[in-house]
Structure formats: structure tokens, C-alpha cells
Amino acid sequence: MPPRLSSSQKAEVLVEALPYIQRFYDRTIVIKYGGNAMTDVALQEDFAEDVVLLKLIGMNPVVVHGAGPQIGALLQKLGKQSEFIQGMRVTDEETLDVVEMVLGGLINQDIVTLINKAGGKAVGLTGKDGHFIHARKMKIASKEDKKKKIDVGLVGEVVRIDPEIIHLLDSRDFIPVIAPIGSDEKGVAYNINADVAAGKLAITLQAEKLILLTNTTGVLDRGGGVVTGLTSQRVKEMIDDGTISGGMLPKVECALDAVKNGVKTAHIIDGRVSHALLLEVLTSSGVGTLIRGASANRANHR
């Protein structure tokens, strides 16, 4: 067990949080929830408590979640093999039925229950509700021939997001919990990458922060150390020289897109750390990598 804090130490912790509470009061924070934080019971409870606390001290958290492992597990039980092309799940109609059942049903309601149990007022919805995430079919470029497009089925890209329903929920002190399923003008549903959906939502809401919970310590330099306080230019340099690559690349690109389009800061944090969300938002040290936009305060950028 961690050592118990004395009363004076607890007071110091609260005082350290004060300037961050003041700075981010009534600001929107979009959180992509996934990884170990979503599957470990203790971390699930920590996450729910963090989200409720942020709401109670005056911030407006909006949660977007994935469910990749859970979808894969159910497909396997049904005797259907998961197929991925360039990290995208190939999604036929049968697979989409499973995605909607797990992502928009079971997992979404589990998260809502966790937050409500922690004392919050969470409301679960998908991008199809009120048709607030407008999507279209995504085709990805072939690695061998950039002019050739690969069809990955009912996988979507975000066309636009109508934020009215999110503003309404925030104004009534509800916490939106969003499953990233969108639809087109014909009502066809599409599975959308949760990182991408969270990034686009953060841009639409002009959020103070986009926070991506991951199973890594953050963006690493060539020596394996976590780097933070990055500018868009520095991130581009790290991508160009191969320092940022592999599975971290799409998350960083999502973060970059956000800060280039009005989001103050984007954070890629270690969701395996207890109360990672509070540590990132309310302390000077944080638990991951921060990427700042041009309008972020450079002197005290967290």
C-alpha cells in the first residue's frame, strides 16, 4: 500500500492543484479512454473518480471510448476472424453488428455505470444519436501504390460533428460518454477509430485539452526517455527522422491535427498509472507527453 499522507501533505497537494483548477474552470477536456485503464478493475474505478472530480471542480470532461479487444474477443467466440489492414479493422455488416453491440451497448453502458457509481451523471450515446457525428466511407491508400485505394468495409471518417447535444449535456452537468459510431446522410452506420473521433470532437468543441490514454509512458526519444512540452514543429521533426513511428504514429498525428486546429494542448498519457488523468491535468509533472498548440501558454504549458 502507498504511504498515507499527513494532513499538511494533503493540504499541499490541494494547493498545488489550485492554479490548474482556476485556469481550466469551465473549459472542455476531451478524453479518449482505452487500453489497460479500460480493462483493469482498479484503474477503471480510478478513471471514473477522476472524471467525476474534474466535473465537480468546474471542468467539462467529454469521454470517447474504444473497445478493440472486447470486439475481437466476441468475434472470436462467434467464429469470425478479425482482419486488420494498416491498423484498421476490416468491417463487413456482420462485424459492424458486433461493433455496435459491444461499443455502443455493453462497453458504453459499463462506463456510464462506473461514472454514475462514482457520483457523476453520465449519459451514453453514439454518434448516430441525433446524427451528431456525420461520417462517410473511408478508403485507405495502399502502401505499395498510393494511387490505389483499399476498401476496408464499413469503416468511416468524420465529415463533421454537430456539437449541440454535447453542449446541452454539459450545460445540465451531465458527462457525455461517446461510442465512435457515425452515420451518413442515408443512415448507413460506420465504425470510426476512437482516437480520430476524439480528436475531431476536440476540434469541434475547441477544447482546452485532448487527452489520449494509452498503454505507454508517452512519446519517447531515441534513448527511450519520455519527452514532453513538444511543439508541432518538434513533433514533425521526430516523425521525419523516425523517432516517432509504429503504433505511436497515428496517436501523435491525431494530437497534431488537434493542436493545429484550435485545441490548446494534446496529451498522450500512461493510462496504467493510478489516477493518471488527475496527475496530468492538476499537477506540474504529469504522466506522459504534452504537445502544445501555438496559442498555449509556453511558460506554464500544462
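Could you compute the net charge surrounding His167? Neighbours are other residues with a C-beta less than 13 Å from the C-beta of His167; K and R count +1, D and E count -1.
Details: positive: Arg172; negative: Asp26, Asp162, Glu164, Asp170, Asp173.
Spelling it out: positives minus negatives among the neighbours equals -4.
Projecting the Cα atoms of His275, Ser7, Val252 onto the dipole axis of the chain, where Lys and Arg carry +1 and Asp and Glu carry -1 at the beta carbon, places Val252 farthest toward the positive end.
Dipole magnitude for the chain: about 600 debye, using +1 per Lys or Arg Cβ and -1 per Asp or Glu Cβ, origin at the Cα centre. Our coupling estimate for region 30-46, obtained by passing each phi through the Karplus curve with A = 6.51, B = -1.76, C = 1.60 and θ = phi - 60°, is 9, 10, 8, 9, x, x, 4, 4, 9, 10, 8, 4, 5, 5, 4, 5, 4 Hz, Gly and Pro reported as x. With contacts taken as Cα pairs under 8 Å and at least 6 residues apart, the chain reaches a relative contact order of 21 percent. The residues neighbouring Lys264, those whose beta-carbon lies less than 9 Å from its own, together hold a net charge of +2 under the Lys/Arg +1, Asp/Glu -1 convention.
Between the Cα long axis of helix 194-205 and the first principal axis of the chain there is an angle of about 60°, rounded to the nearest 10.
Can you compute the label reach from Arg23? Point 7 Å from Cα along the Cβ direction, backbone N cut-off under 17 Å, restricted to region 58-82. Label zone hits: 58-60. Comparing mean-square fluctuations of Val112, Val158, Val13 from a GNM of the chain with C-alpha springs under 10 Å, the top value falls on Val13.
Would you look at the GNM of the chain, springs on alpha carbons closer than 10 Å, and say which of Lys251, Lys117, Lys209 moves the most? In this elastic network of the chain, the residue with the biggest mean-square fluctuation among Lys251, Lys117, Lys209 is Lys117.
Looking at region 7-292, what % of its DSSP beta bridges pair antiparallel, to the nearest 5? Could the numbers behind the result be given before it?
Values: 19 of 47 bridges.
Counting DSSP beta bridges with both partners in region 7-292, the antiparallel share is about 40 percent.
Report summary: the helix-based calculation at 222 nm, which adds -39500 (n - 2.57) for every DSSP H run with n ≥ 4 and divides by the residues of the chain, gives -11000 deg cm²/dmol. Classify region 147-283: rounded, prolate or oblate, from the alpha-carbon gyration tensor (a ≥ b ≥ c, eigenvalue square roots; a/c under 1.5 rounded; otherwise prolate if a/b is larger than b/c)? Oblate, because a/c is 1.5 or more while a/b does not exceed b/c. A dipole drawn for region 112-227 from +1 and -1 charges on Cβ atoms has a positive end, and of Leu210, Val188, Ala141 the residue lying farthest that way is Ala141.
Give me the extension gain from Ile140 to Val226: residue separation times 0.36 nm, minus the current Cα-Cα distance, reported in nm with one decimal.
Answer, rounded to one decimal: 27.9 nm.
What stretch of the chain, leaving out the sites themselves, is the longest with no GluC sites (Glu not before Pro) in a DSSP loop having at most 15 other Cβ atoms within 10 Å? If you can, show how the numbers build up before the last one.
Values: sites that count: Glu83, Glu144, Glu185.
Counting at most 15 other Cβ atoms within 10 Å as exposed, the longest clean stretch of the chain is 186-302.
GNM on the chain, alpha-carbon springs under 10 angstrom: the most fluctuating residue among His65, His267, His134 is His134.
Give Lys10/Lys32; Lys200/Lys260; Lys186/Lys251 a once-over and call out the pairs whose C-alpha atoms are over 19 Å from each other.
On the way: Lys10/Lys32 29 Å; Lys200/Lys260 12 Å; Lys186/Lys251 30 Å.
Long pairs (Cα-Cα over 19 Å): Lys10/Lys32; Lys186/Lys251.
Which value, in Å to one decimal place, does the Kirkwood hydrodynamic radius take for the chain when every pair of different Cα atoms is included? Show your work: numbers first, answer last.
Details: mean 1/r = 0.0505 Å⁻¹.
For the chain, inverting the mean 1/r across all distinct Cα pairs yields 19.8 Å.
Which FRET efficiency, nearest 0.05, do Ala42 and Val13 yield, Cβ-Cβ r, R0 25 Å?
Values: r = 20 Å, r/R0 = 0.81.
In this case the efficiency is close to 0.80.
Cα centroids of region 115-193 and region 1-78: 22 Å apart. Were the residues from Gln233 through Asp162 laid out at 0.36 nm apart, the gain over their Cα-Cα distance would be 22.5 nm.
Read the figures in this text as sums done on the coordinates, not as results from a lab. None of these values were measured; they are calculated from a predicted model. Don't worry about glycine lacking a Cβ; one is built from the backbone with ideal geometry, like all the others, and counts go over all protein chains shown.
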